[in-house]
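Remarks on the structure that follows.
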DNA sequence: GTCACTTTTTGACCTATGTCAAAGGAATCC
DNA sequence: GGATTCCTTTGACATAGGTCAAAAAGTGAC
C-alpha cells in the first residue's frame, strides 16, 4: 500500500490536502542494520514504512538489548515520546530489513497539525491504535505463560516472527532466548 | 483542580470555547463500588475525575478480577477502545471511592472534535500521555521482579497504593496477593 | 458486642522459567 | 572456502514466585 492510500483510508483527505501533506514527507531507502535514532538523542523524524521492518529497543542495566516494539509494513515508526515531547529517546530505532520509508520532521508535522484539523484527527487515531496494541501486549505479557506470549507474537506480527533473530523476539516477549528456543522446538514436534 | 483549569493547562482554549465545551459535560456524583460499564457493553461516556478514584478490570478465564488500570484525580477514565471505536468493552469500569466526575458522551465529544481543532489536539495529547504511561507499565511488568513492580506502582500511583484492596493492586501488577503481602511485610521491616 | 463476611497474612510445597556453560549451525568477510 | 563472528540449541541446576490451605485480622450490620 502506498502512503497516499494509507492516509486516505484513515481520514478522507482531498487531493490538494494530500499533495500538500505528502510534500512534507521525504522518501528514503534505509539499509538493514541502520540505526535511525540512538538512546539519549532526540528523535526528530516520524517514519512511515513502505517496505522493510524495524524495531525499537533499549539497553538494560546489564547492557542487554531489550526489544520494545516491532514496526512492519504500513506502520509509523518513531520513538513516540521523544518525537512528540522532543525529549531524549529511551529507545534505539533500528531497521532490521532493507527498507523504504517516508520521513517527516517534528516541525513539519506540527505545521500540518496546525493547518489541517484532519491531521490532528489522523494523529489521534494513530495514537489510539498504538495504545490499543500496547494494551494487548501488556495483557499478553502480564498473565500468560511463555508459550502463550509467543502465540500472541505470532498473531500480532505474523510476518515478522520468522524473519528476525530469536533473541530480538525473546526480549520483546520478556523471556530468555533459551526458553523461546525450547518453545519453538516443542511446537515443531506437534 | 477544576476541569476548566485542567483543560486550559493542556490547550489554550478561549473563554467562549471553554463554555461551549463544558456545556457538554455533565457533573455527577458516583458512590463507591458503582460499576460504570460492564464487560461486553459499549462504553458511551468519557469521565473526568474531579474527586475519588476508579479502576478498570476484566475477568480472566478463571473468573478472577484482573485490574487493568487505576484512574486518579484529574484524569480521564473510560474504556478507551470501546469508547472510541464504539465496540464492546473488554473491561469493567468501577468507582473505588466516592467520586465527582464530569461525563461526556461519544456523540458530544465527536461534535466537539469536529468543531474545534483544539479538541482534536487535546484528544491527541491525552492519548499520547496514556500511551506513555502504558509503555512505562509494560516495561515495569516485563522485566522487573515483583518487588520492583510494586515500587513502580508506588511511584506511579502514590495516592492510590494505600487506599485500595491488596488484591486489586496485586492483579494490576501481575502477581498474586500472597506475593504482594510478603513484599509489603518485608518492606515494613526496613 | 457478636455474627458474618471480607481481606490479609502465613506456611509448606511445587513448577515454570531463569542462569550458566558449552556445543552446533549459519552467515559474512576477505 | 576457511576463518571469524554471530545465532541457536541443549543440558544441568537454581530460584522467584505460584498454588493451596488455613489462620488471623479487619469491617460492617444489627
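Just so it is clear, none of the values below were taken in a lab; they were calculated from the coordinates. Predicted model only: the values in this text are computed from it and were never measured. Neighbour counts are summed over all protein chains in view; Cβ atoms, including those assigned to glycine, are modelled from backbone coordinates with ideal geometry.
May I ask for the angle, rounded to the nearest 10°, between helix A:146-156 and the longest principal axis of chain A, with both axes built from Cα atoms and the value confined to 0 to 90°?
The two axes meet at around 30 degrees.
Helix A:106-115 sits at what angle to the longest principal axis of chain A, using alpha carbons and giving 0 to 90 degrees rounded to 10?
50 degrees
Between Rg and the Kirkwood Rh of region A:1-121, both from Cα atoms, what is the Rg to Rh ratio?
Using only Cα positions, Rg/Rh for region A:1-121 is 0.99.
What FRET efficiency would be calculated for the residue pair residue A:133, residue B:19, taking the C-beta separation as r and a Förster radius of 25 Å, to the nearest 0.05?
0.10
So the label point sits 7 Å from Cα along the Cα-to-Cβ vector; using that for residue B:151, what distances do you get to the other copies, in nanometres, sorted shortest first?
In nanometres, ordered from closest: 3.5.
With viscosity set to 1.306 mPa s at 10 °C, what whole-number translational diffusion coefficient in µm²/s follows for region A:143-190 from Stokes-Einstein and a Kirkwood radius over Cα pairs? Write out the running numbers ahead of the final one.
Details: Rh = 10.7 Å.
Approximately 149 µm²/s, per Stokes-Einstein.
At residue A:65, label 7 Å along Cα→Cβ: distances to the other copies, nm, ascending?
Going from nearest to farthest copy, the values are 4.3 nm.
Between residue A:114 and residue B:10, what's the calculated FRET efficiency when r is the beta-carbon distance and R0 is 22 Å? Round to 0.05.
Result of the calculation: an efficiency of 0.85.
Which residue fluctuates most in the GNM of chain B (Cα springs below 10 Å): B:122, B:173, B:96?
B:122
Across peptide B:169-177, what mean number of C-beta atoms from other chains lies inside 10 Å of a residue's C-beta? Present the calculation step by step, with values, prior to reporting the outcome.
Working: counts 0, 0, 2, 1, 1, 6, 1, 0, 0.
Across the residues of B:169-177, the mean count of other-chain Cβ atoms within 10 Å is 1.
I want to verify the translational diffusion coefficient of region B:1-63 in µm²/s; compute it with Stokes-Einstein, Rh as the Kirkwood radius over Cα pairs, at 10 °C and 1.306 mPa s.
110 µm²/s
Give the share of C-alpha pairs in each 5 angstrom bin for region A:31-190, from 0 to the last occupied bin, in whole percents, shortest bins first.
The percentages, shortest bin first, are 2, 9, 16, 20, 20, 16, 10, 5, 2, 1, 0, 0.
I need the per residue convex hull volume for the protein assembly as shown, using only the alpha carbons, in cubic angstrom as a whole number.
158 Å³
Count, for each residue of B:60-70, the Cβ atoms from other chains sitting within 10 Å of its Cβ, then give me the mean as a whole number.
Across B:60-70, the average partner-chain Cβ count within 10 Å equals 1.
Could you give the angle, 0 to 90 degrees to the nearest 10, between helix B:177-189's Cα long axis and the longest principal axis of the Cα atoms of chain B?
80 degrees
Could you tell me how far the Cα centroid of region B:66-120 sits from the Cα centroid of region A:1-53, in Å?
The two parts, judged by their Cα centres, are 30 Å apart.
Shortest first, in nm, what separates the label point of residue B:107 from those of the same position in the other copies (7 Å along Cα→Cβ)?
Relative to the other copies, residue B:107 has label-point distances of 4.6 nm.
Looking only at other chains, what is the average number of their beta-carbon atoms within 10 angstrom of each beta-carbon in A:83-90? Present the calculation step by step, with values, prior to reporting the outcome.
Working: counts 1, 6, 3, 0, 0, 0, 0, 3.
Counting other chains' Cβ atoms within 10 Å and averaging over A:83-90 gives 2.
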